[in-house]
Amino acid sequence: MGDEDWEAEIIKPHMPSYVPVFEKDRYSSGANGDTFNRTTASSSDAGESNKRENTSTMGGFGVGKSFGNRGFSNKFEEGDSSGFWRESNNDCEDNQTRNRGFSKRGGFQDGNDSEASGSSRRGGRGSFRGCRGGFGLGNPSGYKGLNEEVITSSGKNSWKSEAEGGESGDTQGPKVTYIPPPPPEDEDSIFAHYQTGINFDKYDTILVEVSGHDAPPAILTFEEANLCQTLNNNIAKAGYTKLTPVQKYSIPIILAGRDLMACAQTGSGKTAAFLLPILAHMMHDGITASRFKELQEPECIIVAPTRELINQIYLEARKFSFGTCVRAVVIYGGTQLGYSIRQIVQGCNILCATPGRLMDIIGKEKIGLRQVKYLVLDEADRMLDMGFGPEMKKLISCPGMPSKEQRQTLMFSATFPEEIQRLAGEFLKSNYLFVAVGQVGGACRDVQQTILQVGQYSKREKLVEILRSIGDERTMVFVETKKKADFIATFLCQEKISTTSIHGDREQREREQALGDFRCGKCPVLVATSVAARGLDIENVQHVINFDLPSTIDEYVHRIGRTGRCGNTGRAISFFDPESDNHLAQPLVKVLSDAQQDVPAWLEEIAFSTYVPGFSGSSRGNVFASVDTRKNYQGKSTLNTAGFSSSQAPNPVDDESWD
Ligand SMILES: Nc1ncnc2c1ncn2[C@@H]1O[C@H](COP(=O)(O)OP(=O)(O)OP(=O)(O)O)[C@@H](O)[C@H]1O
């Protein structure tokens, strides 16, 4: 039984009574690092969705909330009754699936006309989404769908043309009108935080390696960082009493003005590791209060791959800059462009942005780059891969952007494939420092990982069984496609398990609502695509279930890192389908062994039978199998997280719109 069968099955039965009436109208519109200091942190002292929108019922998800199944709406309007249940040939995800073999992360699928431009990723996504939204694959404007950004597929300056033609919407589809609700302004909300877990102190035992010349020594306490009083107050109010390893090493490096590539396990405080020293510099330099101006010139630009993540980073920036004259602003896709502009013109020292919106705003000449002193790429490997890499290159070559010699560039992630590290060289000064906390790309050891062999036809049953045994504990369920996310969320609702979902085909409003419902516990289950795999820091996520394993091991590491954060423990259960997941057997064995988890014998067997020469995956304790790639230039070999050389690593399939 394939997905389609599932859909048929789920659609047939009686809809539960709590499913609201379908609101048709709502949808009808539609290095030569010579020094390699290895130490421990402390040693330095150291449905197709059920195409009926019944997903809007998702446990408390709110009546009338659409699930973003615009494809359905389209089919409905076309009067194709079978369109309710059948795949359209034009379905964008089908196209993506068909293109899997060719697709790189961010698009560049062969044969996709709309991806001819430098902004091919966006054009491509746009057109795919457009087709899902019912605007047909051949729609030249590549309209994404209701209330979402309008994307042009024109070849030249496409980021600009998006800005120009996009939101003004002169010719291309409806405007994006969504204005996100402002975050709470009261101090308690700003400083709300969750407790560090029982394993927080164990961070100190993690090995840390710094490579590159003249690295400043690590600091052991916040006091040693010599931050100003306001920052120290904010740190205390945020509940931080002790530095995490990545903070111990990164803060002095950034304070010393060095470029940095830092790799540390998920949930170990990378955000504060770059925000605090940047703010400290700004305060020290006596930054002037940002005032209303048509053209703002921020001192710091932070980019991240998803809207929800950049918003989270913004909230952290707002927290740490509380009571200072530094003003942080966030802008991201899926929201009204005019709203982004209004936020910016009021003053902007730190601009937190997703790449597409950032380029739009630069194109509109609301942001000047001349004053940029700090450029931060969070989830840097994602920001530099085939998806966002071209946009990041455009960013650094934008008129006015200080050269890498003139700015400080900082990159953070839990994973850093070798190939991406090489690309990063273009952005960083040649004497950048590389900090590896634990194993590059290693999974967080506070997550108990379980791999179950489950064939695709048994997955749903197993999922329900697990979720019922879990009870109300917060759980993220990852699936591989947007369609599947809708479908599984619907299915779980039918099973009376309060569920919501997040993926790139949902409107931004819905994405934020879903996240809010999950955060507050209203819907303890969040079904998600990889759009939620990286960076999201949600309190009390006790379980991650990989209903579908991702296509790469790095993505696996990020996904399971949504639990077990900041010294808390968590559990990750992954369904391994031998029909489709064998390529992950070896890297999984490696990740499990390195994180000192039990490796099932059957998985080792599969890994052995699919042995790839050159892989040294199952060795335990092979710490630093992959670190600073500059070492490779000195004749050493290296493996990426997966234990493959990067060129061997499977190309991830990007099912998502990220920004
Ligand atoms: N020194 C600290 N003391 C207490 N809590 C901290 C400290 N540093 C960070 N935290 C908290 O730990 C949590 C995880 O931090 P953060 O989101 O920065 O992790 P991350 O390393 O960026 O994770 P990911 O790789 O998933 O993006 C956050 O809630 C943050 O506020």
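The table below gives the values:
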item: Candidate set from the stretch 596-612 (those that are among the aliphatic types (A, V, I, L, M) and modelled with pLDDT of 95 or more); member that is most open to solvent (accessible area, probe 1.4 Å); result: A601
item: Matching option when the condition is more than 14 Å from the ligand (Cβ to nearest atom) and either surrounded by 24 or more Cβ atoms within 10 Å (Cβ to Cβ) or not in a strand (DSSP E or B) (or both), among T221, T271, T241, T230; result: T230
item: Among the residues listed as G535, G521, the single one being within 16 Å of the ligand (Cβ to nearest atom) and of a type outside the set (S, T, Y); result: G535
item: Some residue of the stretch 320-331 being assigned to a helix (DSSP H, G or I) and away from the ligand (no atom under 16 Å from the Cβ); result: no
item: Subset of the stretch 563-602 (residues that are touching a helix residue (DSSP H, G or I) at 6+ places or on another chain (Cβ under 7 Å), closer than 21 Å to S413 by Cα and not in a helix (DSSP H, G or I)); result: C566, G567, A572
item: Residues located in the stretch 307-318, provided they are under 18 Å from N349 (Cβ atoms) and open to solvent by less than 10 Å² (accessible area, probe 1.4 Å); result: I310, I313, A317
item: Residue, most open to solvent (accessible area, probe 1.4 Å), within the stretch 274-306, restricted to residues that are over 27 Å from N568 (Cα atoms) and among the polar types (S, T, N, Q); result: T288
item: Qualifying positions in the stretch 468-478 - open to solvent by less than 10 Å² (accessible area, probe 1.4 Å) and out of contact with any Lys or Arg (no Cβ under 8 Å at 6 or more places or on another chain); result: T475, V477
item: Residue check, K404 touching a strand residue (DSSP E or B) at 6+ places or on another chain (Cβ under 9 Å) and surrounded by fewer than 19 Cβ atoms within 10 Å (Cβ to Cβ); result: yes
item: From the options S250, S290, residue that is of a type in the set (S, T, N, Q) and within 15 Å of the ligand (Cβ to nearest atom); result: S250
item: Of all residues in the stretch 253-267 being more than 15 Å from the ligand (Cβ to nearest atom) and either open to solvent by 10 Å² or more (accessible area, probe 1.4 Å) or of a type in the set (S, T, N, Q) (or both), the one that is nearest to T629 (Cα to Cα); result: R258
item: Enumeration of residues in the stretch 414-431 that are in a loop (DSSP other than H, G, I, E, B), open to solvent by 10 Å² or more (accessible area, probe 1.4 Å) and more than 16 Å from the ligand (Cβ to nearest atom); result: G425, E426, K429, S430, N431
item: Which numbered condition G338 misses (of (1) within 24 Å of the chain's Cα centre (by Cα); (2) not in a loop (DSSP other than H, G, I, E, B)); result: (1)
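The values are calculated or read from the model by the stated rules, or taken from the named source; none is laboratory data. This one's a predicted model, so the numbers in the text were calculated from it and none came from an experiment. Methodologically, a virtual Cβ is constructed for each residue, glycine included, from the backbone with ideal geometry; neighbour enumeration extends over all protein chains shown. To get the accessible areas, we keep the full protein, side chains included, count just its heavy atoms, and leave off ligands, DNA and RNA. Shrake-Rupley method; radii C 1.70, N 1.55, O 1.52, S 1.80 Å.
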